[in-house]
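Structure first, then comments.
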Amino acid sequence: MVQPDDQWPRGGLWEHGTALLVIAIGVALLLSNFDIRLSWFPFHNAWALLILLGAAPSLGDALRRYRAQGRVDGAVFHDLCTAAVVATVAAIFLLDLSWSRWWPLFVIYAGLCMLAPRRCWRRQGR
């Protein structure tokens, strides 16, 4: 028999804040579909903010690991590279940048990620 979960909703401020932000973006996008424009939501391609939120888990992992170890190791570096890739994709969409001009950044990111030791790429518990 399944026991009820007494700790719903789970998570701390980071998880709840992110969830509330996603909900606010969803509401703004829905209102936009009904031609109701919000002054604090000026982007025509604001859906790309959801992509930007995809960088948060990697950034959070990097921050947690850095705080635990007090230094930047290969895993922290790899998480930062991952967050940078996702944030760059979001920025290209949000700022209407040209993919044909900015794509070499992803080659640079790939090289940077390769600098992290391979054992950090497949960490246990993720």
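The values are calculated or read from the model by the stated rules, or taken from the named source; none is laboratory data. All figures in this text were calculated on a predicted structure; none of them were measured in a lab. Glycine gets a Cβ as well: all are built from the backbone with ideal geometry, and neighbour counts include every protein chain shown.
Conditions tested, residue by residue: (1) modelled with pLDDT of 85 or more; (2) within 23 Å of Ala91 (Cβ to Cβ).
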residue	(1), (2)
Trp8	no, no
Gly17	no, yes
Val22	no, yes
Leu38	no, yes
His44	no, yes
Ala55	yes, yes
Gln69	yes, no
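So, in the stretch 40-77, of the ones that are within 14 Å of the chain's Cα centre (by Cα) and over 18 Å from Val22 (Cβ atoms), which residue ends up surrounded by the fewest Cβ atoms within 10 Å (Cβ to Cβ)? Checking each candidate, the answer is Leu63.
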